[in-house]
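All remarks here apply to the structure that follows.
The values are calculated or read from the model by the stated rules, or taken from the named source; none is laboratory data. Keep in mind that this is a model prediction, so the values were computed, not measured. No Cβ is skipped: glycine too gets one built from the backbone with ideal geometry, and neighbour counts run over all protein chains shown.
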Amino acid sequence: MISYGRQSINKKDIESVIKVLKSDYLTQGPNVEKFERELVEFTSSKYAVAVNSGTSALHIACLAIGLKKNDYLWTSAISFVSSANCGLFCGAKIELIDIEKDSANIDLDLLEQKLTEAKKNKKLPKVIIPVHMSGQSVNMIKLKKLSIKYKFKIIEDASHALGSIYKKKPVGCGKYSDICVFSFHPVKSITTGEGGAALTNKKEIFKKLREFRTHGIISNVELCKKGRKVLPWYYEQVDLGYNYRMSDISAALGISQLKRVDEFIKKRKLIAEKYFKALNGLPLKMTSQEQIAYSSNHLYIIRINKTMTKKTNLDLYNLFLKHQIKLNLHYIPIYRHPYYKKMKFRVKDYPNSESYYSEALSLPIYCSLSVKEQDKVISIIKNFF
Ligand SMILES: *Cc1c(COP(=O)(O)O)cnc(C)c1O
């Protein structure tokens, strides 16, 4: 069965994991530290905190910027549920913003309009979480300007975007946000099995991220660094944190995978370009070549152009299934989930997300997708139309 995404694990990846299993540290140890240093280097940010999932990274990011009960967190209506759930974990209220007409990213013009209204009603958000869908960066310069005017924090959900470039800098560099979050789930740019990381350029935020990763505890080493004279076994809990640590086993896999990330991104780019060239001209809306050039190309999303055909994304999905190819739609709009339906969201407020949801489908894109397999995908689509 071919699917929309999968990991690529080679012999070196496997050997690096086995090496840890024979070592002293299984839980967070030297490999986690090394992985964090290499993430910092790869993204040219200052600090990284590796955790056990992208969702955990989003959660500690919200805690680190001080998101509290009844604060507002705004994010995009089209994302994985974690982008909004992390706010609910903190007791915050969620506002979902519609996406742009021609992309799957948050609509910044609409956002600006909503911020003006929110200012009048004294309901401004404490934090906004932009999602770089499929690896295409949100217009961070514009968002950053808005964040200064309306005084909100920015946490980038860059789960898709490790390896993406924005304004000549790697996504994750921290120039336009307070914190940037990555996921290392097997379908993402690189994998640690399960895993994630929160990156920042701000030392105070970094310290908080680290505390919330480990129970809200400050270690003996840290206390001594602060000049506190404490007993050698002493540590203290100063906040209510979690056990979100990444294991050294996962980190070793991450280190090995990060060595291959350029190769992964290059392969994804080739696949995306081939789809673009082969499918251009069919009744589809597609990612432009310009967008492909700067994106990690985590997903290759096509959208059925409904003004040109009566066929639907479900028809195409079912046709693929007959050929043993299981695709996916990224994502079901968050407000459509039963849990979120309870919270006053109205479908009619999301015209662009609704069209997207009725048009989109993610094609297979991953490092080990063969030429033959991609040719099969292309010919199925051509025959479909
Ligand atoms: C994968 C993903 C997450 C969550 O990451 P996990 O590591 O699975 O917890 C969050 N947001 C987006 C947009 C994602 O794609």
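Quick notes on this structure:
- Selection count, region 222-257, where residues are within 23 Å of Ile18 (Cα to Cα) and among the aromatic types (Phe, Trp, Tyr): 1
- Applying the criterion of being buried (at least 18 other Cβ atoms within 10 Å of the Cβ) and charged (D, E, K, R) to the residues of region 1-53, the residue that is farthest from Tyr176 (Cα to Cα) is Asp13.
- Some residue of region 213-228 being modelled with pLDDT of 95 or more, touching a Leu at 6+ places or on another chain (Cβ under 7 Å) and within 16 Å of the ligand (Cβ to nearest atom): no
- Per the conditions (1) at pLDDT 95 or above; (2) more than 17 Å from Ser79 (Cα to Cα), the sole criterion not satisfied by Asn280 is (1).
- Flag: Thr309 does not match the condition of being of a type outside the set (Asp, Glu) and modelled with pLDDT under 95.
- Residue within region 251-269 that is in contact with a Phe, Trp or Tyr (Cβ under 8 Å, 6 or more places away or on another chain), more than 16 Å from the ligand (Cβ to nearest atom), farther than 23 Å from Ser159 by Cβ and hydrophobic (A, V, I, L, M, F, W, C) present: no
Quick grid of which residues meet (1) modelled with pLDDT under 95; (2) farther than 28 Å from Ser358 by Cα; (3) more than 19 Å from the chain's Cα centre (by Cα):
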residue	(1), (2), (3)
Ile99	no, no, no
Lys119	no, yes, yes
Lys123	no, yes, yes
Val127	no, yes, no
Met140	no, no, no
Tyr150	no, yes, yes
Val171	no, yes, no
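- Those helices (runs of 4 or more DSSP H) lying entirely in region 279-385 with at least 2 residues among the aromatic types (Phe, Trp, Tyr): 313-322, 338-341, 351-359
- Consider region 342-369 and keep the residues that are in contact with a helix residue (DSSP H, G or I) (Cβ under 9 Å, 6 or more places away or on another chain) and of a type in the set (Gly, Ala, Ser). The one that is nearest to Ile78 (Cα to Cα) is Ser353.
- Consider region 177-197 and keep the residues that are within 11 Å of the chain's Cα centre (by Cα) and under 21 Å from Thr214 (Cβ atoms). The one that is farthest from the ligand (Cβ to nearest atom) is Cys180.
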